[in-house]
Amino acid sequence: MTLEQQAGPLIRTDNFIDGRWVPAQRNRQFAVTNPATGERIALVADSSAADARAATDAAARALPHWRARLPAERAAVLRRWHALILANQDALGALISLEQGKPLAEGRGEVAYGASYVAWFADEATRIYGDLIPAQQRGKKMSAVKEPVGVVAAITPWNFPLAMIARKIAPALAAGCTVVGKPAEDTPLTALALVQLAHEAGVPPGVLNLITSSREMAVETVADWLADSRVRKITFTGSTPVGKYLARESAGTLKKLSLELGGNAPFIVFDDADLDAAVEGLLAAKFRNGGQTCVCPNRVYVQAGVYERFAALLSTRVAALRVGPASDDASQIGPMINLRAVDKIARHVDDALQHGATVLTGGSRLSALGAHYYAPTVLGDANATMALCAEETFGPVVPLFRFDSEQQAVEAANDTPFGLAAYFYSQDLRRIERVSRALEAGIVGINEGGLSSEAAPFGGVKESGYGREGSKYGLDDYLSIKYLCQGGLE
Ligand code: ADP
């Protein structure tokens with residue numbers, strides 16, 4: 001079966017508002033294309049402010065009923081949704097691969113990963129505790145209770161079309177919030193399919209609303225939510241400039257914000273590292289989704305004593321990676337999401353070469369496969385003057401920087417406005433303790449390249465944003481604390 005045939009039954013193209021599929025009010029559509037071939041997959045609603053408003057109206061109407069449901073009732077709905085997502089794992093995985101380009105095994109893996117957040121927050125829904133505070137005066141009872149913040153707007157990127165939106169919707173619904181959402185214009189189909197499954201799972205009308213917009217219309221659509229005082233929270237994953245814009249523009253109504261923004265992850269290999277493990281860890285962390293994740297190592301620092309050996313081991317492995325479309329089971333690296341992405345990668349590599357880098361493997365577009373392909377690349381002799389040191393490349397390019405001392409490595413790693421993920425490999429216990437503390441990052445991998453888990457707090461520091469997704473902390477972003485003070489009891 002082709003990816004299209006597998007995904008077909010789950011394809012929806014209208015907006016989902018108040019429990020119904022409806023076209024955009026001005027009746028416009030935009031095309032979603034397969035990045036492997038450039039072919040059109042579907043036409044979906046190109047929404048405007050009027051659709052955003054209709055979604056908020058529905059979410060605001062549904063809020064009193066949904067927040068009044070028992071936590072166990074909300075949990076039961078989320079569990080049914082989780083079961084339906086897993087029951088459709090193959091079709092959803094095919095849909096992710098079709099519109100986003102990642103290999104099919106990764107597409108299916110993303111379904112399980114995204115679903116794990118739904119299961120996690122189904123359980124967390126029943127554990128939203130408050131506190132009884134020891135009173136300081138006789139006859140008083142003081143307590144703190146947690147309440148849903150209200151209507152939440154979720155705005156998501158294209159690199160994990162299912163997981164990013166699932167890990168926003170699930171905690172919002174668990175907390176008793178209602179949701180308006182807009183997925184990325186490159187990959188709206190998976191999110192629409194997910195919403196259909198939520199509907200089948202019994203999420204009541206108005207509790208979850210999703211609208212789609214082209215890049216051009218996204219500004220107008222989202223601006224309506226930013227200005228609307230009924231929307232009490234924005235949860236966003238995407239680029240730092242857009243995150244800052246959302247923070248600025250939502251200031252007028254002082255919304256709560258969770259921003260999971262860009263990274264520039266360092267990956268440090270010390271002389272005392274297990275080099276084979278470091279190569280494995282780097283391959284896992286770097287080449288997931290073709291290097292298009294915000295926790296992908298962007299700068300790889302290797303200590304001088306092991307630099308040559310590490311570079312050789314890594315280059316051999318990277319040269320052997322299979323590049324191709326998701327429709328080919330053997331593919332390990334798919335196409336990049338769009339031409340803008342490939343152009344940025346090519347720009348970074350060209351700039352690095354001009355500033356003294358050497359190509360150890362790769363280093364060019366793979367135009368014979370299609371316009372969106374770039375060869376898995378290792379560059380030697382990288383330095384801080386290169387654009388790829390300051391900006392996230394978001395592609396399959398590993399630049400190797402040589403360093404001498406631990407202090408040098410930590411200073412270089414922290415010399416960025418970003419602070420999402422950081423990784424290092426060492427077998428020295430004291431160094432592990434020192435470096436773990438010194439790295440300015442929200443997430444640190446120590447002798448490990450795979451960090452994401454629904455049980456762990458995911459999020460950054462500095463200009464990588466604030467708020468945490470997943471874990472026991474993940475619900476806090478969707479709750480506010482109310483202090484109750486009752487007097488006259490004695
Ligand atoms: P990327 O560069 O990875 O596409 P973006 O931050 O541009 O990341 O996009 C992430 C999400 O933010 C997408 O859903 C996109 O439509 C949305 N978005 C981008 N620009 C704006 C904007 N000016 N206003 C509102 N939403 C935006």
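No lab work stands behind these numbers, since they all come straight from the coordinates. These numbers come from a predicted model, not from an experiment. Because the Cβ atoms are built from the backbone with ideal geometry, glycine has one as well, and the counts that use them run over all protein chains shown.
Spin-label model, T2/E200: points 7 Å from Cα along the beta carbon direction are separated by 2.3 nm. The relative contact order of the chain, computed from alpha carbon pairs under 8 Å that lie at least 6 residues apart in sequence, is 18 percent. Computed from the Cβ-Cβ distance with R0 of 35 Å, the FRET efficiency linking E220 to D90 stands at 0.45. A simple packing score, the average count of other Cβ atoms within 10 Å per residue, orders the peptides 220-229, 35-44 as 220-229, 35-44, with the highest score first.
Expressed in Å, the radius of gyration and Dmax of the Cα atoms of region 442-490 are 17.3, 59.
Report the calculated FRET efficiency for A384 and N447 (r = Cβ-Cβ distance, R0 = 35 Å), to the nearest 0.05.
Here the calculated transfer efficiency is 0.85.
Per-residue 3J(HN,Hα) values for region 431-442, derived from phi via the Karplus relation 6.51 cos²θ - 1.76 cosθ + 1.60 with θ = phi - 60°, read 5, 4, 5, 4, 6, 4, 6, 7, 6, 8, 7, x Hz in sequence order (x marks Gly and Pro).
Listed by Cβ neighbour count within 10 Å, with the fewest neighbours leading, S452, S97 appear as S452, S97. Here the 3J(HN,Hα) profile of region 345-362, calculated from phi with Karplus coefficients 6.51, -1.76 and 1.60 at θ = phi - 60°, is 4, 4, 5, 4, 5, 4, 4, 5, 5, 5, 9, x, 6, 10, 7, 8, 7, x Hz, Gly and Pro shown as x.
Using alpha-carbon pairs under 8 Å, 6+ residues apart, how would you state the relative contact order of region 353-490 in percent? Each step should come with its number before you reach the end.
On the way: 183 pairs, mean separation 19.6, N = 138.
Answer for region 353-490 is 14 percent.
For region 101-259, lysine pairs separated by 8 or more sequence positions, or belonging to different chains, with Cα-Cα distances below 18 Å total 16. Dipole magnitude for the chain: computed about the Cα centre from +1 point charges on Lys and Arg Cβ and -1 point charges on Asp and Glu Cβ, it is near 1660 debye. So what is the relative contact order of region 176-320, in percent, for Cα pairs below 8 Å that sit 6 or more residues apart? Once divided by the residue count of region 176-320, the mean separation gives 17 percent. Annotation: Cα Rg of the chain relative to the compact-globule expectation 2.2 N^0.38 Å equals 1.01.
Gain on full extension, evaluated as 0.36 nm per residue between V22 and H355 minus their Cα-Cα distance, stands at 114.6 nm. Farthest toward the positive end of the dipole of the chain, out of F418, L283, S367, is the Cα of F418, where the dipole comes from beta carbon charges about the Cα centre. Among F287, F30, F424, a tally of other beta-carbon atoms within 10 Å of each Cβ gives an order, fewest to most, of F30, F287, F424.
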